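To start, the structure itself, in structure tokens.
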Amino acid sequence: MAPRITLLSCCRAMPKKDDGAKKPASETVPDQRWKLQVFYLCFYGFMTQIRPGESFITPYLLGPDQNFTKAEVTNVITPVLSYSYMAVLVPIFLLTDYLRYKPVLVLQSLSHISIWLLLVLGTSVLAMQLMEFFYGITMAARIAYSSYIFSLVAPSRYQRMASYSRSSVLMGVFTSSVLGQLCVTLGSVSFLTLNYVSLGFVSFGLILTLFLERPRRSLFFNRPGGAGDGAASTELDRMAEGDGRGGARGWRDAVLCRMLREVGALARQPQLRLWSLWWIFNSAGYYLMLYYAHILWNEISPTTDNRRVYNGGVDAASTLLGAVASFAAGYMKIRWTLWSELVIGVVTAFQAGLLLLMNSTTNIWLCYVAYVLFRGSYQFLVPIAIFQIATSLSKELCALVFGVNTFFGTVLKTIITVIVADERGLGLSVHPQFYMYFGYFTLLAVVYLLAAVGVGIRHSRRRQPAELALAKEPCQRPVEIPAQEKSPEAGTV
């Protein structure tokens, strides 16, 4: 099970400075205090990712310690992860904001402890299904960490804090994977012992969680007082003013409903619609590949020597490549309104080819390389999608758009799981499943490339009359490309 990282932090836009306005409360906090709080939270984010046994859960379940069959792991145990994630995603999203982050982080730490206790003590299929249920809770609760840090600092520091929090998590995932691989390969540590080590780390993470300061404000339900705070007016505040001076509960319900309707209206924007659909459809296939890749590796190379299991090293390499690819995407300078469909289509076709290679090869190292490239290509498009979706939205609308996209992607992933993987559906083994995923990505690539052809034809038809007009009026100024169409560097997310 490879770690997944939430992206809600992208929703915090950098506001313009207003020298005449009173500074928000977070600006008046002594510099040393907020710096210590941010440092502690980043340290917490790093330490909670140190779970060296996570990359080796699948070989542990299939090995002599647990001795489950591949059919049980593939068709009975693993599907529960998709179901539990979908079931708890919306409640945890709302509770995170309503309870102001810390209680949800405590719940996440308790769920981590439950996971590793079930792994070291549980012996039945039901126990492993319960383990997957708690794993779904930890995935949904990652939103609490990604948004918590913004309650500690002023809006002028949002962008820098987002980079700090994400970097600390990536470093934790990388360190955890490398540590687990070194323990297995060089130290000949058993998977069971590695699970005990992971249990120790997540227990320490719970202690760190208890010392986190609970913020006084949050994005939706716990907003600061408008008159005394002096912070800039937000989308939520402006909508609240339009609803009159009714009770807090009444305007809150009305505002959230109006924001959801506005999200529906935003779907008419071509770029936002395109990248939201990419987020929904491609993320569903991406996470299904992640859930079942380790089972595929065990099918290709069913070794009994733990020292020859390199899951941790592969996860570390894919995390590193994903970080590099995300960084490189920020330097792409193309006209996205014209080339988005083509870029998405080419990358999706490349991913389809990698899935076919992973499923058809008998060389485990070739399968590893294809897995790393697949994850890197997906992470390459993530920051571009974030920019294209979030660049023209307020942070409240941005949070709702990404929340809606994630929810629909999770629903689609669950539907595919029920049909393809669950024993109550087709109950396919891992190789036929990957052929299904290959067909899924191939279909997506064809749709994206056909859309790119359509965009090219429309662009050429619009260009011909413009060229004729320019030929008649040679002194006419050329049309400038809007800043948001040039590059992800053109704006601040």
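Short-range pairs are left out: with C-alpha atoms under 8 Å and at least six residues apart, the relative contact order of the stretch 266-470 is 36 percent.
Rounded, prolate or oblate: pick one for the stretch 386-450, where a ≥ b ≥ c are the square roots of the eigenvalues of its C-alpha gyration tensor, a/c under 1.5 means rounded, and failing that, prolate if a/b is larger than b/c, else oblate.
Values: a/c = 4.34, a/b = 1.82, b/c = 2.38.
Verdict is oblate for the stretch 386-450.
The packing ranking, built from the mean of other Cβ atoms within 10 Å per residue, places the peptides 186-195, 173-182 in the order 173-182, 186-195, highest first. Each residue of the stretch 47-60 was assigned a 3J(HN,Hα) from its phi angle through the Karplus curve 6.51 cos²θ - 1.76 cosθ + 1.60 (θ = phi - 60°); the sequence is 5, 6, 8, 7, 9, x, x, 5, 5, 10, 5, 5, x, 5 Hz, with glycine and proline shown as x.
Rounded, prolate or oblate: which fits the stretch 266-470 when a ≥ b ≥ c are the square roots of the eigenvalues of the alpha-carbon gyration tensor, with rounded for a/c under 1.5 and prolate only if a/b beats b/c? Cα axes put the stretch 266-470 in the prolate bin.
Rounded to the nearest 10 square angstrom, Arg33 shows an accessible area of 120 square angstrom against a 1.4 Å probe.
The values are calculated or read from the model by the stated rules, or taken from the named source; none is laboratory data. Fair warning: this is a prediction, and the values are worked out from it, not measured in the lab. Every residue, glycine among them, receives a Cβ derived from its backbone with ideal geometry; neighbour counts consider all protein chains shown. Only protein heavy atoms, including side chains, enter the accessible area calculation; ligands, DNA and RNA are left aside. Shrake-Rupley method; radii C 1.70, N 1.55, O 1.52, S 1.80 Å.
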